[in-house]
Amino acid sequence: MRRFAAEGIGCSVLMAPILPGLSDAPEQIDATVRALAKAGVADLTPLLLHLRPGAREWFRAWLQREHPELVPSYARLYREGSYVPESYPREVLALVADAKRRHGIGSSRPSAFRDVGAGAARSAAEEERVRQLSRL
């Protein structure tokens, strides 16, 4: 992300999955968003954990083994299916939105995306950067 930002190429990040009880604390979200801002990301989209059949069973076994104290909360949160009830995402997404504002990510930051579409004028140096980046 830093390399792209240094070259003037905007980068958006999926902040995912956000795990209830494991990565959703305000200080964890703030630290993640701060690190992403420092790396130069232009925007980010948070995604909460969803547990579809197959992944649900695997995750439940992992959770039971690694964090058995969280099993009852996950049973409550995911009792209706693959997704958590609407009230929980609203809380977490509000924390992320606040952190984005604090750290200057998103619509308050000028666009970091360059126009490299058809017909965009490029200098020889910019053409070379594009050529080099295409090798990544």
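The values are calculated or read from the model by the stated rules, or taken from the named source; none is laboratory data. Computed from a predicted model, the values in this text were never measured in an experiment. Heads up, the Cβs are rebuilt from the backbone with ideal geometry, glycines too, and the neighbour counts pull from every protein chain shown. Surface accessibility is based on the protein's heavy atoms, side chains included, excluding ligands, DNA and RNA. Shrake-Rupley method; radii C 1.70, N 1.55, O 1.52, S 1.80 Å.
Points to keep in mind about this one:
- Enumeration of residues in the stretch 23-49 that are open to solvent by less than 40 Å² (accessible area, probe 1.4 Å), of a type in the set (A, V, I, L, M) and under 23 Å from Pro85 (Cβ atoms): Ala25, Ile29, Leu48, Leu49
- Residues satisfying the stated conditions in the stretch 60-84, i.e. under 20 Å from the mean Cα position of the chain (by Cα) and open to solvent by less than 60 Å² (accessible area, probe 1.4 Å): Ser82, Val84
- Only a single item in (1) open to solvent by 70 Å² or more (accessible area, probe 1.4 Å); (2) in contact with an Asp or Glu (Cβ under 9 Å, 6 or more places away or on another chain); (3) modelled with pLDDT of 95 or more is not met by Asp98, and it is number (1).
- Some residue of the stretch 10-17 being loosely packed, with under 15 Cβ neighbours inside 10 Å and in contact with a helix residue (DSSP H, G or I) (Cβ under 6 Å, 6 or more places away or on another chain): no
- Boolean, Glu57 is under 19 Å from Ile105 (Cα atoms), open to solvent by 30 Å² or more (accessible area, probe 1.4 Å), modelled with pLDDT of 95 or more and among the charged types (D, E, K, R): no
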